[in-house]
Each structure stands twice: as structure tokens, then as C-alpha cells.
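Worksheet: the structure to be examined is printed underneath.
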Amino acid sequence: MASGQQLTRDDVAGIAAYARIALDDAELVEMTAYLNDAIALLQPILEYDLEDIEPTFHPIGDMANVMREDVPVPGLSLEEALANAGSREGRAFRVPAILDDGGGA
Amino acid sequence: MRALRQVLKDWEAVIGLEIHTELTACDTKMFCGCRISHDDAPNTNVCPVCLGMPGALPVPNVEAIRCIVMAGLATNCTIQRRSMFYRKHYFYPDMAKNYQTTQGPVAFCMHGHLDLRVAGEAALERPDDTAQKADDGSYLARIGILRIHMEEDAAKMVHVGGAEGRIGGATESLIDYNRCGTPLIELVTQPDLRTPEEARLFMEGLRQTWLALGISDCSLEQGSMRCDGNVSLRRRGEVCMGAKTELKNLNSFKALHDALAYEICRQAEVLESGGTVRQETRHWEPTRRRTTVMRVKETNDDYRFFPDPDLAPFDLSDEFVEECRARIPELPDAKRERYQRQWSVPTYDADRIAGDPALARLFEAAVARAGVAAAPMVANVVINLVPGHERLNEAQVASIAQLLAQDAVTFAQAREVLDVVDGTDDDPERVVDERGMRQSTDADALDAIVREVLARSEDQVRQYCEGNRKVLGYLVGQCMRAAGGSGNPKAFNRLLSERLETLQ
Amino acid sequence: MPATLDQLSARQIAAGVASGAFSAVEVAQAALDAIAERDADTQAFLQVSEDLALAAAARVDALRAAGRALPPLAGVPVAFKDNMNLLGTRTTCASHMLERYESPFTATCVQRLLDAGATPLGKLNMDEFAFGSTTDSSAFHPTNNPWGLALVPGGSSGGSAAAVAAGEVTLALGSDTGGSIRQPASLCGVVGMKPTYGVVSRYGVVAFGSSLDQVGPLGRRVEDVALALNALVAGGRDPRDSTSQACEQDFIAHLDDPIEGRHVGIIPSLLEAPGLSAEVRVAMRLAAERLEAQGAHIVEVSLPNMASAIAAYYVIAPCEAFSNLARFDGVRYGYQEPGCATLAKQTSLSRARGFDQEAKRRQMLGAYLLSSGVYEQYYLPAQKVRTLITADYQRAFERVDAILMPTSPTVAWEHGAISDPAALYLADVFTISSNIAGNCAISVPVCLGSESGLPIGAQLQGPSFADARLLTFARALERSCSMEGLVAPGFAGRGGELA
């Protein structure tokens, strides 16, 4: 989908599938309208002349090389780790059938 | 399917590797202070950061950064002073945040290479007209390394209900986050490899380098070093790349070789019958010795990469890089060279020892004691006698090497002696003397026995002169009997041969 | 002896506890009493943590009994926006997604207030996951502005502002990504500060826009806010937050310094902005006059790229939001849709049911903007705009020490009166650029609108890491505006008696 164009309902359905947010038909219609409105609000960005400007990814300009020493720090106990789990099996978190092999680490 | 070497005469295989290595030398994970887990009970090395809990924030492990810089320096990469961490998004439960913290277009290490020396059987896979081969058939290949970047490992999942614990057909999966967040370096090669043997040698060489640096235990079986390959074919002379397939589950050097070999032949068969190779990911099945489709890659995954706002960018100082450089020990290639050039150690022995940091340490310490002249024999001992005697110290190795070099004991005797001293501080020489095992090296005494035996063995002498060389063994035995406990079979063999030749 | 707790400043409470005029437990009980009385109307709280409060207060009293020196905020009642982890509470972000989520650890900013001796009274309402400027998008219930219960308190830290304005607590912590501390502070007539990015640790605060979020204090007087800030930076930078900066300033020491001879910038074009109410325009003029009366020079400055800040913000914020909320899949914690046969279904339905509308919208927008091909067109230019805005501020601050502008274009409005998201987005115009540039900003109540009778705050913005000096200006403004310590009418004195 090219920018400046409107998103179609199919485009939005694709984004929803990727972002793992189930939307019913009514919600899809609404979301499509919302996204197109939001993108319209963002149009000014496309018109700026930003040719020689460097992007700033972090607000603190000179922040660099922040690291920590390789020293162990106590973490959570098993019970603490699993305390909020929706499903668990013994000492593991449980999920239902995964049908694909993931993105690939 | 045709055989590999036949196929490679007609087709050029273009092979690239992606190698992930866990930095098991670090004490803690990449972005949090949890210990790196070694078979601990599930979900006991975790914290809010590596569990991706709301509000948790990452802080990079400085030792991991040092390890990757060392890895880059050791593989001739340029160390990029400026780089950032990026977020790579995909929904999968082994990634606690549903994004992996990794690097973007600029990695810590870029544009390196490793040189392979391919010889012997391995060199036969490469068609002669595609490499500069020496008289013995060996050749050098420079394999480009595109980049080495820093990232974090995923959790371990156990799939329940499917076949062989595979994900296909599983009804549920159980997740252990102990491994999640372990520092991982990913090395991506240029597609410069041309044969499965080259790929295997590259992997072995890389593993030796990482072991020498001490950054990882590099276990393919346990998964602290993992290799994915990709391969495509093209007609000789073509420049364009063919469609490539990715290969996974290559958890041994043999699997790496065999999977690539199979895949090359499979692709050739497809192309030669007029078909097209599909861009897909295939899984190597070692028992059935074939690759099968995991999933078809129709579109590239869009990972929504962007620079991680929670992590400061890097601008590594020269000091930092030089400190890392100073930590790099002599690497296997350099050792190999030095052992051969300066110490006259034979190629095979030099290869084996240089590639194993523990053996190299023992070897060099023993040579320091035994003297440089004894180095080839020390190498011999390290290769052939040390395995099976795991607790020898360098003094013992040096001592037994000297005894062997002096011809004071046979190899079989040396083995016996080491059986005795292994695990103790005992001096091999003392054991030899105690047991009266020392062979005579007194040339005159030995010669006298030789002459005496020859004198009473006219039959055998005649047989030898008629061409039956086997009687030499019998004559050596006779000499040994005459010598009692202080015989020296090698010496007898030599003296007998010399005398017999003069009698011809 | 004042009748009720809400008449005391933080300093006075700490001094009273230290001197033995009253115990920390008595203060805690007064606060609980005030909350019980007043919160039925404001609905500022999501959880009141009575046990934690009494335990913390008892510990302070024990210290005093042992003859030990008391920490600077001993016994002071505080509460926390519900996106801040506190062990012993649930941290819900006002979302069904985290309705049952129990904090496994305490956020650094929260811990530092506790270490300073403050008494934790509970967790405060907010817009779901901090997306919004009304607090109406809380999944549980709205919060009502103490100055008019039919009105919104602003957002997303609406609960924080309302609880302070109604005198339920002395101090509250909020978070500010595009104005979420300052705007509700203005609408509720209290002081609210967004410190320079990096001054206060974000560790333990549920992330929305990582490069924009800052935690900050709200209080009924500038001095209370300054004391809270001192506690927040005590202990140095936070090693658990890579973006945390060392900040050695003492925010109290120079609070009352004169501003004579200093320069304050104003941007006249902003006061002509469409949508700016007449009342607010009057309040701004008043604020400028009062600063001038204390010897400050008012100077015209410009921030030429300010107009593009909204677009840049609405690119960067949703992208970071999508990324930060991707972790909510119901696996390790959070709402899990029951009875799903596959993981993809479980994830999609958990997220569909766990998130309300605005949260879904922001994530979808972010997912779109980060996609291949689109990223280059919006995200990278947005970060370049950030460079321009940062440079604009640097140039302006070469000429002035602080910039004065409105916080919100209007006073508080009725629940549901503004339903168009775009209109709400545009209302962030005055606050957003400080989040983009990272510099410090504070809203100080100036007056009540002559028509509406509702509070109006003026915003002062300062250069990065000049937070202490910004507070000096805020104090100067406060001194001349006689709204210091004000509790919303109808709430003062209701419950919260100190024995």
C-alpha cells in the first residue's frame, strides 16, 4: 500500500492479523475509517524538506555506551514468575497449539 | 538423484551460513542480571526483564559486548564504533516481549573473512576448474563474513502431542524462559561457500576460533552453537542467484555437510527436470537422510524494525576496542603456522592441537619443558597418548615424550607407563626405571646381538635375500629374546635391515 | 493545629511527624478517612492500599520511637498512577488486560518515595494504558473533576490530578508522554511537572512511548512538587534504566530565589491559535504580567517547527506504543481468553477483549506506520522533526530562561463532550513539544476562568536539566497567584481530620 492513499478494509484486516488483534466486521469498518483519518492528520510530515537533517532517536543527545557489569542479580522465584500466568503446567507456562514456526530467532 | 560430485560438475552451488552462538562464557544474560542457565529447573533463572513484564527495562551486559568485539577482531571484521540495538517484532511465545532486541543495518562487526585451507578428501568435492588447486589437490578459499551482530536468545519450548516432539500436530506447548535473554551473537557469511565440505570446514574453523577466544562452549549438541544454511544453484558462468532454500536442524558437522549435499542434489534434480526451486525452509531429517519442507516462504516477514528507544546507542572508544584486542590469545591459524614452521610439527598434528585450546595449552607447556627439538614427539604424545589419559600434566607429557624420542621405550610401553601415572604426580621416567623397562640404546650391545642372531639364522637370511621380507619380523623377535628385558625392537629392525642389505 | 490533613503541605506533615505533633499512623488514618469521604465523588482511586499505608506509617513511627532521624517525606500521603508497579498492589493501567495483574516488583520512582518515608495510599485512575486526555477511556470507570463532577479531570493522569485537587492525598505521581501530567494538573487546578527526560527513572512504569514518557509529581503547591522531585532523584541515576541520567540538583534549595532580571519567552502566535478559549488567553496575559511584576523581562521567542510537533508525536508515540504493548498476549500474564484451541486465536482474542478501543487504535496505527515502506515515509522524518524541535528550543533558550505558554487550550469539559479523537489530539499542541525535545515543563494554576469559574494553569518550559531553575519560575508565578494549596471547593474539610 502506498502512502498518501487510503487504506482498504483488506489492508486493515492484514494489519490486525499481524498485530494479533481480532476485529469483527463492524470494528474493521470503524478501524479503517480511524486509520485513514489519523494518516490524513500526519500528512504534513510528508511535505517537509528534511534533506540534510539527522534523525534524533533518543532525546538525550550525548547518551551513549550505557552498560552494566556482568554480575548476577537475584531474580524471581518460580512461584513469583508463574504467579500471573493464565495457564501453567507444572513449572512451565502453557500455550495451546502453535501452528507455525515463528518468525525465526 | 545424481551424486554430489557429478552435480557440482554441471552446477555451481552458492552456499551461505547463519551461525548463532550463545556467549556461555558470560555469567549473566544480555539485558538483565539473571544467571545464564545450565540445565537449571525451568523458570528459575528469570526476572521481570527477561519475562517481558510490563515496566521492565533492558540494560546491556558489557562483557557480552567485549565478547562480540573480540569475535569480530578475530575474524578480520571492521568494528563499527557506532551502532544501535533495534527491535525485531514477531508474535511468538518464546520471545517474552514479542519482539527480539537485536541490531539493525549497522552491526558491531562488519565485513570480515575467514580463510579455509581445503585439503585431502574434502578438496575433491570442488571441481578442479573452479579453484586454484595445488599439486596435492588442496586449495585456499576466502569466505566473506557480512556481519556479526548482538541479540538475545529465545525461550525453550517443549511441544506436546505431536510426532517426535515436533511442533506439527502438537496440541500444546510448554515454555521455559531460563534461556530467554541469553546473549547471542549471529554471524552471517557472504554466499561464498561452494561445497558442503567447505561449509563444514568453515563451521569447524569458526568453532575453533570461538573456543580459542573463550567466549562460548560452542556445543552443537546442546545448542549453544547453531547453524542454519542456505543454498541455491546456478549454471556455471551465471552471475544471478537461483532461488534459495534455507536448511534448519543442522546440529552436527555431519548434518551440516549431508543436508547441504542432499539439498544440492535435490535442487539439481528439480531444475534438470524443468521445474523451479521454491523458496522455502526445509528441515534435515538425519535418520531418513533427507530434507523436508517446514514452511513455504511466500512473502518476507515484515518485522517492523526500528531503533530500540530503551537502549542507548553505542559509540565505542578506541580504548574499549584495544582492550578487547589485548584479550585475544594466539588463534588456531597462528598456532598452526607456528607449530609447523618453528617446531616442525607435522600438518595433521598441528591442525588437531591448534584447534583445541586445552590440548594446545598442554602441548605448549610440555614443549617448554621438553625443549623445542622434541616438539614433534610431544605432539605425537598429545594426539595419541593423552586421549585416554585425561589427567596428565605437562611435566609428565614432556617426560614421556623425551623417553620416546630417545628410543628408551616403545609406544606400547609408554601407554603402560601413562596408565600408571595418570592422575598422580609421578614421574614417568621413574616408573620406567623401577620396572626396568628401559630399552637399551647401546648401539654396540645391540649390534652384537644382531650379528649373533644373523649368524645362527642362515635359513632366514637366505629367505630374505630371495625377497621374503616378512622374515624380518621373526629375526627381530629372535633379537628381542636374546636381549631379555632391554630389547629395542625399532633399533633391531633398523640394524637387521642394514646388515641384511649388505648381504644381498 | 489545622482541622484537616488537606490544609498541610508536605513539609508541614513531615515536620509534624518528626516533632511528634502527630504520628505517621494518624496521618495515614486521616488520609484514608479523607479518601473514603471524597473518592465516592471523584472516583480518582482504582485501589486503596490500606494495609500498605498503615504498615509504612508504622515503620516511620518506629523509626521515630528509636530516636532515628526521619526521612524528608516522613508520613506524607502519596498515591500512584496505576501504570506504576508497587509490590502488594495490582497494576492495571486501567485496562481489562491487566485487571488481575499483581505487581511482582516495585518501580524505582515509587520505591524512592517510599524510601523517603512517604505513605502509599493506593493506585490512581488513568486513561487505559495512558492513551488519552480525559481519563474517560479507563476500562473501569471515569474520574470526575473535583471542580465539577460532570467534567473530565483531563488525562491520562486524571486520577492523580483529581486526588490531589480534592485533597485526598498530598502528593501523587503521574506520567507524561504528550502532556498527561500537565494537562490534568491545569484542568484540576494543581501543580504538575514533567521533569527533563531521564531525570526520573522509568523502571517499573509500564511503557507507552519510551522516548517520550517521564514520571513526575503532582501537588497543590510548587514546594510539595519540589520535595517529591528531590526524593525521586535521591540515590543517583537508576542502573536499571539505561536512559536514566544522573541529576545532582537540589530542587528546594533555590526555590524562592528572585527572578528579577531573568528572561521569560512568550510566543504571541500561540495565543492566536484557533481553539484557544478567551479565558485561557486572559489567564496567559495575567501570568505574564505577574512574572513581569517580579522583575522578569518578557521576550518574544519563536519555535518555528512547533506546528509539526503534533504530526511527529502521532507518528513516534503510536509506533512505540505498538511495540511496547506487543508483549500483552495473555501468556505470561494478563487477560487470557479461555478455551482457545490455537495460540494465534488465543492471542488475537485475548488482545481483542483485553484492550478497549483507543488502545487498539494506537497499536494498529503503530503497526501500520512501522511497516516496511511506510516506516521510511513517516517514522524517520518524524525523528528528523524531533531534531528540528530540539534545535528550536536550544536557540530559544539562548535568549530566555523559561518559556511561558498555555497548558490546555480550554478549561475542563463535560464527560463525552469531545468524542472525536482528532480534536482531542490537537488539544495536546502546547504540551507535546516538550516530550519530543525531552526538556522540562510544569503547569501552575494561575486563576479561575471568569466565565466558567474553572481553574486554568499556565505552562512554563525550561531547558533540559535546568529543572531546579524552572521550579524557581513556577514558585514565582505561584506566589503571585494566590492559588497555592487550594483544595477544590466542595471537598475542603470533608473527612481527614487530624486529631
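Laboratory data are not the source of any read-out in this text; all were calculated from the coordinates shown. The structure displayed is predicted, hence computed values, not measured ones. When we count neighbours, we look across all protein chains shown, and the Cβ atoms used for this are built from the backbone with ideal geometry, even at glycine.
Of note:
- One Cα centroid belongs to the range C:113-152, the other to the range B:1-44; the line between them spans 49 Å.
- Computed from Cα atoms, the angle from the helix B:332-343 axis to the main principal axis of chain B rounds to 20 degrees.
- Estimated inter-spin distance, residue A:69 and residue B:434, nm [label 7 Å along Cα→Cβ]: 4.9 nm
- Simple Cβ-charge dipole of the range B:332-434, Lys/Arg +1 and Asp/Glu -1, about Cα centre, in debye nearest 20: 520 debye
- Global geometry of the range B:104-178, whether rounded, prolate or oblate, following the gyration tensor of its Cα atoms and the 1.5 cut on a/c: oblate
- Cα convex hull of the range A:1-50, projected area averaged across orientations, nm²: 3.9 nm²
- Relative contact order computed over chain C (Cα-Cα under 8 Å; 6+ residues apart), in percent: 20 percent
- Per residue of the protein assembly as shown, the DSSP helices (runs of n ≥ 4 H) give a summed -39500 (n - 2.57) that works out to -11500 deg cm²/dmol at 222 nm.
- Per-residue average of Cβ from other chains inside 10 Å of C:97-105: 4
- Chain B: relative contact order in percent, alpha carbon pairs under 8 Å with at least 6 residues between: 14 percent
- Estimated FRET transfer efficiency when R0 is 51 angstrom, pair residue A:91-residue C:307 (beta carbons, to 0.05): 0.40
- The Stokes-Einstein estimate for the protein assembly as shown, based on a Kirkwood radius over Cα pairs and taken at 20 °C with 1.002 mPa s viscosity, is a diffusion coefficient of 64 µm²/s.
- For the pair residue A:46 and residue C:450, label points projected 7 Å from Cα toward Cβ lie 4.5 nm apart.
- Taken as entire DSSP H runs, the helices of chain C that both span 20 Å or more between Cα atoms along their own long axis and average 0.5 or more on the Kyte-Doolittle scale are C:50-65, C:309-325.
- Contact order normalised by residue count of the range C:269-353, Cα under 8 Å, 6+ apart, percent: 15 percent
- Estimated FRET transfer efficiency (residue C:253, residue B:425; beta-carbon r; R0 60 Å; 0.05): 0.30
- Calculated over chain C, the projected area of the Cα convex hull averaged across directions stands at 22.0 nm².
- Charge tally around residue C:454: other residues with Cβ under 13 Å, Lys/Arg +1 each, Asp/Glu -1 each, net -3.
- Charge-dipole axis of the range B:332-434 as Lys and Arg at +1 and Asp and Glu at -1 on Cβ define it, positive-most pick from B:360, B:342, B:387: B:342
- In nm, spacing of pseudo-spin labels at residue B:164 and residue A:99 (7 Å Cα→C-beta vector): 2.3 nm
- Efficiency of FRET between residue B:292 and residue B:239 - r from beta-carbon atoms, R0 25 angstrom, step 0.05: 0.20
- Per-residue shielding of A:44-54, expressed as the average number of other chain Cβ atoms within 10 Å of the residue Cβ, stands at 5.
- Chain A shape via C-alpha gyration tensor axes, a/c threshold 1.5: oblate
- Likely footprinting exposure, B:225, B:53, fewest C-beta neighbours within 10 Å first: B:225, B:53
- Peptide B:62-70, shielding by other chains (average Cβ, 10 Å cutoff): 2
- Degrees between helix A:25-41 axis and first principal axis of chain A (Cα, 0 to 90, nearest 10): 60 degrees
- Of B:133/B:244; B:29/B:88; C:81/C:384; B:88/B:156; B:97/C:194; B:9/B:248, those spanning more than 21 Å from alpha-carbon to alpha-carbon: B:133/B:244; C:81/C:384; B:97/C:194; B:9/B:248
- At 0.890 mPa s and 25 °C, Stokes diffusion of chain B via Kirkwood alpha-carbon radius, µm² per second: 91 µm²/s
- Ranked by the mean number of other Cβ atoms within 10 Å of their residues, highest first, the peptides C:366-374, C:211-219, C:277-285 fall in the order C:211-219, C:366-374, C:277-285.
- Given +1 at the Cβ of Lys and Arg, -1 at the Cβ of Asp and Glu and no other charges, the dipole of the protein assembly as shown around its Cα centre is 1400 debye to the nearest 20.
- Helix B:62-74 vs. chain B, principal-axis angle (Cα, 0 to 90°, nearest 10): 60 degrees
- Whether the range C:392-499 is rounded, prolate or oblate, judged on the alpha carbon gyration tensor where a/c under 1.5 counts as rounded: oblate
- Neighbour net charge for residue C:123 - beta-carbon separation under 10 angstrom, K R +1, D E -1: +1
- Equivalent ellipsoid, the range B:352-410 (semi-axes from 5 times Cα gyration tensor eigenvalues, Å): 17, 12, 10
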